[in-house]
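The values are calculated or read from the model by the stated rules, or taken from the named source; none is laboratory data. The structure presented is a predicted model; accordingly, all values stated were derived computationally and were not measured. Positions of Cβ are backbone-derived with ideal geometry, glycine not excepted, and every protein chain shown enters the neighbour counts.
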Amino acid sequence: MNAPLTLGTAGHIDHGKTALVGALTGRHTDRLPEERRRGISIELGYASLELPGGRRLSVIDVPGHERFVRTMVAGATGIDVYLLCVAADDGVMPQTLEHFAVLRHLGVDHGVVAITKADAADPELAAEEARELVPDAEIVPVSARAGTGIDELGAALERTAAGLSRPDAGTGEPRLHVDRSFTLRGIGTIVTGTLWSGTVAGGDRITVLPQGLAARVRSVQVHDEPVDRAQAGQRVALALTGVDWREVGRGDLVCVSDSPIEPSYRVDATVEFEADARPRRGERLHVHHGTREAPARLVSLDEGLVQLRLEAPLMPVRGDRVVLRRLAPPDTIGGGIVLDPRPRRHGADPTVLERLRAIERGEDPQPVPDRAHAGGGDGRDGPAGRAAAEAAPAERPVLDPSALALAAMLRADGERPRADGDLASAAGLDPGQATKQLNALTKAGLATRVGPNLHFDPVALDALVARILAICERDGAATIGGVRDELGTTRRYAQALLEYLDSQRLTRRQGDTHVLRKARRA
């Protein structure tokens, strides 16, 4: 029996990814009313694809807009095969290149290129451009509208997927990086994601990280069908007992209850950067792992070796891939492979470097003695290095029950959170205690401060940011009144959200309007 695999789309906006998935699977993956109304994908979409020979692939359809690359990376992690879409009337475009860079840094080497809209223009020129970018992939001209080339594309995907499998599909430890959490009447908490490794079945005891929540799997589904046991490479929905859906969200990790995996604020990795994209000394980056991301400082240890000092926790294991993106402008600049998922803070000590090089060669050396870390510093000399050392993130904060209660309330409030003072009252905390716990949640990546006395759940905030950016894209600018009316919120919230987008350098204020900092090519 063929091992389960996950197929992920990639490509520039308006290059027909969602339409092509619909033609292949019979399922339109844009589920949000706003996506259907505007004709662009904002969130991840899912479908099941049966290939001509009967093999079934899980499909993840990703948004193509440059503003939603963070969402694309969350969807691309864990895929095995790509479907790169290049429109015949456009050719290779900026997000074609960035999406393919993400795939390359994630180690996704197998896939097919679809030259879409082949009924609208001669596909040969676009095919030549694609061939230069991906010389080893099959290239198939298709038209979702006319229904041509769909069978040929299915056959090409089957040839590409033939013989592919996940090395730890049935034997590794179960790991599911959550991309959605919701509740269904009569069932309770549901979490979904791509099962990276191992298997999971009803009755299994699990832990949700980074919170450390204990729960049990009530039942398992794969593409809306109940199964006794799900395998790595499948899109999985888990019904959980013992945990509220508001306590779990995108970026969390489901693993077995006795898992040795722990949240980590440091990662040693071997990295590779895009041409002319090496980060500046001390520059803050976004590190993407699984469906989670965290700001970090990159400390250079040796050629190709770095320590990533994170401001929010990730849950990696050795051998995992990470993607590195610049905060502003938000571009993909590189990626890497985790060598040590929970190292001590250290610099370029020869003993440490020797151990990391051994891990890179596939060996399993002993941990470095404590003395090798003493005085290791940043790997930089002088005042700048000392300043960076002083500014490095602290050890993982301990989240007490009151902090977790605040996180649950923020998740329950969704896109309309209560003010910090109201949260404090509801949780029975005085303002000082609430501020302390919200700061801990922010550091742990479970809350985002948007304005004075206002925090959001990160998943809900991402959805709002996507909607406001779509407004800017559609209308050329956004105003407080327009955002208030379109989101059905208050002027206070609309103003806070727009000022937050300005602070993140996604938009800039221009008089009474807010415009995108970087307009996409028409």
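Would you be able to tell me the number of residues in segment 179-197 that are buried (at least 18 other Cβ atoms within 10 Å of the Cβ) and in contact (Cβ under 8 Å) with a residue 40 or more places away in the chain?
11
Keeping to segment 130-162, report how many residues are surrounded by 16 or more Cβ atoms within 10 Å (Cβ to Cβ) and of a type in the set (D, E, K, R).
Number of matching residues: 2.
Kindly establish whether ALA407 is buried (at least 16 other Cβ atoms within 10 Å of the Cβ), part of a helix (DSSP H, G or I) and in contact (Cβ under 8 Å) with a residue 40 or more places away in the chain.
Against the criterion (buried (at least 16 other Cβ atoms within 10 Å of the Cβ), part of a helix (DSSP H, G or I) and in contact (Cβ under 8 Å) with a residue 40 or more places away in the chain), ALA407 qualifies.
Since ASP349 meets every condition but one in (1) modelled with pLDDT of 90 or more; (2) in contact with a helix residue (DSSP H, G or I) (Cβ under 7 Å, 6 or more places away or on another chain), which condition does it not meet?
Evaluating ASP349 over (1) modelled with pLDDT of 90 or more; (2) in contact with a helix residue (DSSP H, G or I) (Cβ under 7 Å, 6 or more places away or on another chain) leaves (1) as the failure.
Criterion first (under 23 Å from LEU253 (Cα atoms) and touching a helix residue (DSSP H, G or I) at 6+ places or on another chain (Cβ under 9 Å)) does GLU274 satisfy it?
no
Exactly one of (1) buried (at least 19 other Cβ atoms within 10 Å of the Cβ); (2) at pLDDT 90 or above; (3) in contact with a strand residue (DSSP E or B) (Cβ under 7 Å, 6 or more places away or on another chain) is unmet by ILE337. Its number?
Unmet for ILE337, out of (1) buried (at least 19 other Cβ atoms within 10 Å of the Cβ); (2) at pLDDT 90 or above; (3) in contact with a strand residue (DSSP E or B) (Cβ under 7 Å, 6 or more places away or on another chain): (1).
Exactly one condition in (1) touching a residue at least 12 places away in the same chain (Cβ under 8 Å); (2) surrounded by fewer than 21 Cβ atoms within 10 Å (Cβ to Cβ); (3) in contact with a strand residue (DSSP E or B) (Cβ under 7 Å, 6 or more places away or on another chain) is not met by CYS472; state its number.
Failing condition for CYS472: (2).
Going by the conditions given, is ASP340 touching a residue at least 60 places away in the same chain (Cβ under 8 Å), in contact with an Asp or Glu (Cβ under 8 Å, 6 or more places away or on another chain) and either not assigned by TED's automatic domain parsing to the domain that holds ASP204 or not aliphatic (A, V, I, L, M) (or both)?
yes
Please go through segment 123-163 and pick out each residue that is of a type in the set (D, E, K, R), in contact with a strand residue (DSSP E or B) (Cβ under 6 Å, 6 or more places away or on another chain) and not in a strand (DSSP E or B).
GLU152
Of all residues in segment 217-238 being of a type outside the set (A, V, I, L, M, F, W, C) and outside any loop (DSSP other than H, G, I, E, B), which is farthest from THR29 (Cα to Cα)?
ARG218
Select from segment 239-271 the residues that are in a loop (DSSP other than H, G, I, E, B), modelled with pLDDT of 90 or more and of a type in the set (A, V, I, L, M) and write down the one among them that is nearest to ALA76 (Cα to Cα).
Ranking the qualifying residues of segment 239-271, first place goes to ILE261.
What is the residue count in segment 475-494 for residues that are surrounded by fewer than 16 Cβ atoms within 10 Å (Cβ to Cβ), in contact with a Gly (Cβ under 9 Å, 6 or more places away or on another chain) and either closer than 19 Å to ALA460 by Cβ or of a type in the set (Lys, Arg) (or both)?
2
How do the strands (runs of 3 or more DSSP E) wholly within segment 284-329 filter down when requiring 1 or more residues that are in contact with a helix residue (DSSP H, G or I) (Cβ under 6 Å, 6 or more places away or on another chain) and surrounded by fewer than 21 Cβ atoms within 10 Å (Cβ to Cβ): which remain?
Once the strands (runs of 3 or more DSSP E) in segment 284-329 are filtered for at least 1 residues that are in contact with a helix residue (DSSP H, G or I) (Cβ under 6 Å, 6 or more places away or on another chain) and surrounded by fewer than 21 Cβ atoms within 10 Å (Cβ to Cβ), what remains is 292-302.
From VAL322, VAL306, VAL287, which residue is of a type outside the set (D, E, K, R) and more than 16 Å from ALA74 (Cα to Cα)?
VAL306
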